[in-house]
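Have a look at the structure below before the remarks.
Each reported figure results from applying straightforward, stated rules to the coordinates on display, with no laboratory input. Here the structure is a predicted model, which means the values were calculated and not measured. Cβ sites come from the backbone with ideal geometry, for glycine too, and all protein chains shown count toward neighbours.
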Amino acid sequence: MSPIALLSLMFVPAASAVAVAAAPAKLARHIALVGTLFAIVVGLVALGDYDWSRPGAMQASGGFEWLPELGLRLSVGIDSIALLLIGLTLLLGPICVVASRTAITERVKTYYAWLLVLQAAMTGVFAARDLVLFYICFEFTLIPMFILISLYGSTNRKHAATKFFLYTFTGSIIALAGLLYVVWFNATKLLPTAFAGAGTWTLDIGVLTHAGASMSLSEQSWVLAAMMLGFGVKVPLFPVHTWLPLAHTEAPTAGSVILAGVLLKLGTYGIYRFVLPMTPAALVEHAHLIAVLAIIGIIYAGLICWVQRDVKKLVAYSSVSHLGFCVLGLVAVNGPGLSGSVLYMINHGLSTGALFLLIGMVYERYHTRDMDELGGLASKMPIWSTFMVFFVMASVGLPGLNGFVSEFLCLLGAFQSPSGLGREGLGATPGTLGPWFAGFAGTGMIVAAIYLLYMTGRVVFGQLKEPRGHHAGPLPTDLTVREIAVLSPIAVLCVLLGLYPKPVLDVVAEPVAAQAQWVWDHQPGATPAHAESHGVAAPNDEPPGEGE
Amino acid sequence: MKEKLPILLPEIILFGFTCAVMVLGVSKTLRIRQATASIAGFGLLIAGIVGSMTQGEVGAPLPGLIPFAKPAIAAVGLLVLLLMSGSVDRAIEGRIKSGAEAFDAIKTNRAEFYSFFLFSITGLMLCTSADDLIWLFLALELTSLPTYVMVTISTRGTASQEAGVKYFFLGALGAAIFLYGFALIYGSTGSTDLVAIRSAVDAAGAINPMLAIGLLLALVGVSFKIAAVPMHFYTADVYQGAAAPVSAMLAFVPKAAGFFAIILLLTTVGWTHGPGGHSLPEAVRAPLWVMAVLTMTVGNVLALLQSSTKRVLAYSSIAHSGYMLVGVIAGPGSRPGLAHNGIGAVLFYLLAYGLMNVGAFAVVASLERRDAAEPTEADDLDELRGLCSTRPLVGWTMVLCSLSLLGFPPALGFFAKVPLFTSGIGAGELPLVIILGLNSAIAAFYYLRLAALPLLEKADGPPPNLSPFVTRRIAGAISAACAVLVGIGANTLLKNARQAAAMPTEAANRARALAAGPDRQVSDDQASRASIQMSPD
């Protein structure tokens, strides 16, 4: 896999966006579909020479000089985790395009063009190996999403779009300051002999990972705070989550799908890629604080879901709750927690994305999402109801479907405490949290089951209720072939990942283990002997995901 | 002084063109009158090209400044000049053309307007060549004096006259303050030569109180030019009262002159103090720090409350000065490389700000209210609604320029802001950098509105008329293109900015002090006598 292939994964949607803007409006949706499908083809072809035996290494890495004066390079590279997330992004591309066919009838060119730009930017975030390139892509996702929400959203869309933009912009500019501090630290405070790339002005993420881990605990803590502000807003973590329900509720269906499917993962991916390896000591020191915020998010957002009448808002709040598990697994810093988190990023993208699609389909027919006006749709829309129940089950975490595996692993990771309690036989590295954290987070699963099943019970089963004077428009009562085609691939993946997650878990196991190892090796006073007392091998000098 | 002539060649060329414009502008022939703007542009072009080939004197306070700054000034100046077409004499030229009125040199303003514009640019270029307090003072005043007149005659409304008067009196106050500061600096070090002052400061080993007070007064006075707290009060009123092209000029020319002056003044104490030996003396750093924080915060917060596009841009221009002060405080840094060099960052930011800011003002200058008896600029925020669909070129200019001014990646403003961030961090000014970050976030509120109104809102009624002067829209389009493209390929410019900010070596300083020793003293005496005969304004 070459860096050119990775760059072309960004280039194809970007070029398609230009084509959409230039072509007549009639063709917009077709060009967008061809562009997103072509991106998948490029991805699959490039995947041909991906070396599966080294999933932890940065493959396809390389790049070009961009602004050497600032140290900026156009450099890319992916490990298996970035690979999975890019895969998710590519998969959701055509799904969003096809799903928008009937919902978007005005200003179609603008819509599809920005959708494609969004895909290019998201791919760039996962592929970037240069700090500022990462930041540019991370920030640039804001503009398309801002436009999608404020042009194609529902009534309160402008407020929602502005709030979304301002929250994320504020957070990420602080995160940038923190990350630039690491750059400066690497350039001025480290001797060139410390490791390759030390003592020079570089924005290479691999080098900076090394540099960050060499900072003192107090420096790491400040950088951690700055980064968590940026990535925490994106995740979103309590108490900076308030933009999300609003944005989700107002966004058009495809916007919600991408928001839940990929954009929120930029936050958790940022935590995985930057917070964990750059500030290992501070993270372990403060993991319980972040975990408490995550658990508050899980339970608090879950309780809010319970009282929602708007189905879309309910699913939006459930995202806050679900992403709490993801963060919990990340800050537990051990094999199960990290694997669970990475898997959760994929699973949540699939099942919540599908739920938003389903809600969008009902909304197109009834023009309402109010649970008081909708009920017993199973008799009217059997196919829709089947999918609905299926994805609700996946979201709740029914064993056998995808949500269960990742949720369980996250809780397992959280269960392992630093003292070693509950650690026996559960992996090589200790955890930062403990049974109490797992216990409280576990109640979130129960709450999730309550509100999701309660919602399903009202909307799908029971007595038929339809809003008065509704008209289904051009759409038939139940799902069309197009809509089934949109949902089916997601459903198949949910079953596959639920029944047989082993291939994916195997692929992420190596980078995740290296990541956890890295963090525990870089604790203050962690000598090889100390590390051995934690049951890990001597520290290696390669940051996780380094080396071709 | 003969050895200075090659350095001053761009200014001399500009002065020649200024005289030509002044004479030709009152010609009886319409075509010649109309050619004045083109002649002025041609002069700027030549001055810029010559400037890029001019080398500063070895041992000057900032020897590399000229080949970067003079072409940059000419480039932004050309853009502003494009925007200025039709600013004066619009009604009277119409009447002369139709024969309703005979040509009267007294009644037309074209000659004054364009020649004063060139005078002001000449002053700005002189600032970059300055190596002496007297010279710096004269250059600063040459930059500002013509702008007072330009503000006043830029429109026929009383608002312009009020703005002109306000601008003039506060400008005179500012000039008086910094001249007093200059006098104290002279008094405490015995020289007006910047490098000689530096030598005196180094020899004394400490900053004496009189020098500190002199520097502070000079900084406060010059803060009028850059529209920084505490001398920022005029900004919004003057920018609003003047015609938009003149406001665009005010946002760049005096600001750049002010920053050149501040940087040159601070080279007299140098960024060689503090615990690490790479910061300003605390007596200067602390007030500058407060000034930077107040300037960006006041500018951004007040910009939130405005309903006039020009006032928003005026307050944001205050905020941008605050950002640049961060680079000034950071100084040339402890290591090579632009990322550590706050002065280089300021120089690049000035150019970037000049390029992208013209576009925002060009939008206001290109739109005229429908139902006005006299041509009136449509500078209400509501008048920007839906411009991307009704007036696509103007609308997109606003969108791109305001996103770039916000510092949104990958626009020019972002690449300009990154070195400010990194140099601030490098100088250990972490709180200042965090405040800079938070201020950028506050700025997102109003820049996002400036971008969203044309792009996403629907127009209330019929869109504003387009100004008949197509060059204004061209200036805007060039500015928007710069905002998008220049940043992506900015490596050469960034490199030039870094080289421009290179501090002279110790050896060069000593050599110069020796060579210019006794001879210099005499000329200083003459200069100080000259300054006594001169009134501040």
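In plain terms, the bigger the Kirkwood radius, the slower the diffusion; for chain A, with that radius from Cα pairs, at 37 °C and 0.692 mPa s, Stokes-Einstein puts D at 140 µm²/s.
Counting every other Cβ atom within 10 Å of each residue's Cβ, B:F224, B:F42, A:F64 order from fewest to most as A:F64, B:F42, B:F224.
Normalising by residue count, chain B has a Cα convex hull of 129 Å³ per residue. The mean count of C-beta atoms from other chains within 10 Å of the C-beta of residues in B:432-444, rounded to a whole number, is 4. Put simply, the amide H of A:S75, placed in the peptide plane, has neighbours under 5 Å in A:F64, A:R129, A:D130, leaving out anything fewer than 5 places away on its chain. Charged neighbours of B:R31, selected by a Cβ distance under 15 Å, balance to +2 (K, R count +1; D, E count -1).
Contact order for chain B, expressed relative to its length and based on alpha carbon pairs under 8 Å spaced 6+ residues apart, stands at 16 percent.
If a/c stays under 1.5 just call it rounded; otherwise compare a/b with b/c (prolate if a/b is bigger, oblate if not). Do that for segment A:222-309, with a ≥ b ≥ c from the square roots of the Cα gyration tensor eigenvalues. Oblate, since a/c reaches 1.5 and b/c is not below a/b. A simple packing score, the average count of other Cβ atoms within 10 Å per residue, orders the peptides B:277-284, B:131-138 as B:131-138, B:277-284, with the highest score first. In chain A, taking the dipole from charged Cβ atoms about the Cα centre, the farthest positive-side position among A:T123, A:A22, A:P3 is held by A:A22.
Quick check: net charge around B:L124, other residues with Cβ under 11 Å of its Cβ, Lys/Arg +1 and Asp/Glu -1? Result for the local shell: +2. Each label was represented as a point 7 Å from its Cα along the Cα-to-Cβ direction; for A:F64 and A:V307 these points are 5.6 nm apart.
From the Cα gyration tensor of segment B:383-476, with a ≥ b ≥ c the square roots of its eigenvalues, which class applies: rounded if a/c is under 1.5, or else prolate if a/b is larger than b/c, or else oblate? Here segment B:383-476 falls in the prolate category. Put simply, the amide H of B:G56, placed in the peptide plane, has neighbours under 5 Å in B:I66, leaving out anything fewer than 5 places away on its chain.
Cβ crowding within 10 Å, taken as a proxy for footprinting-reagent exposure, orders A:E65, B:E11 from fewest neighbours to most as A:E65, B:E11. The residue among B:P275, B:T397, B:G77 whose Cα reaches farthest toward the positive pole of the charge dipole of chain B, with charges on the beta-carbon of Lys, Arg, Asp and Glu, is B:T397.
Across peptide A:177-187, the average count of Cβ atoms from other chains found within 10 Å of a residue's Cβ is 5. Computed over neighbours whose Cβ is under 12 Å from that of B:Y239, the net charge equals +1, Lys and Arg +1, Asp and Glu -1. Here the Karplus relation 6.51 cos²θ - 1.76 cosθ + 1.60, evaluated at θ = phi - 60°, turns the backbone of segment B:107-115 into coupling constants of 7, 8, 10, 4, 4, 4, 4, 6, 6 Hz, with x for every Gly and Pro.
Which one of A:A485, A:T432, A:Y454 is farthest out on the positive end of the charge dipole of segment A:431-528, using unit charges on Cβ (Lys, Arg +1; Asp, Glu -1) and the Cα centre as origin? Of the listed residues, the answer is A:Y454. Counted residue by residue at 0.36 nm each, then reduced by the alpha carbon distance between them, the extension gain from A:A485 to A:L499 reaches 2.9 nm. In summary, the lysines within cross-link reach of B:K70, defined as a Cα separation below 21 angstrom excluding same-chain residues under 8 places away, comprise B:K2, B:K4, B:K225, B:K255, B:K495. Taken residue by residue and averaged, Cβ atoms of other chains lying within 10 Å of the Cβ of A:131-143 number 3.
The string of couplings for segment B:397-411 from the Karplus curve (6.51, -1.76, 1.60, θ = phi - 60°) is 4, 5, 4, 5, 5, 6, 5, 5, 4, 5, x, 7, x, x, 7 Hz, one whole number per residue in order, with x for Gly and Pro. Compactness of segment A:208-366 was expressed as the Cα radius of gyration divided by 2.2 N^0.38 Å, which yields 1.07. What's the angle, to the nearest 10 degrees (0 to 90), between helix B:9-24's Cα axis and the longest principal axis of chain B? Between the helix axis and the principal axis of chain B, the angle is about 30 degrees.
From Cα pairs below 8 angstrom and at least 6 apart in sequence, can you work out the relative contact order of segment A:185-324, rounded to a whole percent? That works out to 27 percent.
For chain B, a crude dipole built from +1 on the beta carbon of Lys and Arg and -1 on the beta carbon of Asp and Glu, taken about the Cα centre, is about 900 debye to the nearest 20. Pairs of Lys residues in segment A:3-533 are counted when their Cα atoms are under 16 angstrom apart and they lie 8 or more places apart or on different chains; the count is 4. Classification of the protein assembly as shown by its C-alpha gyration tensor yields an oblate form. The axis ratio a/c (a ≥ b ≥ c) is 1.5 or more, and b/c is at least a/b.
Converting phi to 3J(HN,Hα) with the Karplus coefficients 6.51, -1.76 and 1.60 and the offset θ = phi - 60°, segment B:150-159 yields 4, 4, 5, 8, 5, 10, 8, x, 6, 4 Hz in sequence order, with x at every glycine or proline.
By the count of other C-beta atoms within 10 Å, a proxy for reagent exposure, A:C305, A:C410, A:C137 are ordered fewest to most as A:C137, A:C305, A:C410.
Less than 5 angstrom separates the built amide H of B:H278 from those of B:H273, all sequence-distant by 5 or more or on a different chain. Return a whole-number percent for the relative contact order of segment A:3-533, with Cα pairs under 8 Å and 6 or more residues apart as the contact set. RCO, segment A:3-533: 14 percent. Here segment A:3-533 is treated with +1 on each Lys and Arg Cβ and -1 on each Asp and Glu Cβ, and its dipole about the Cα centre works out to around 1420 debye.
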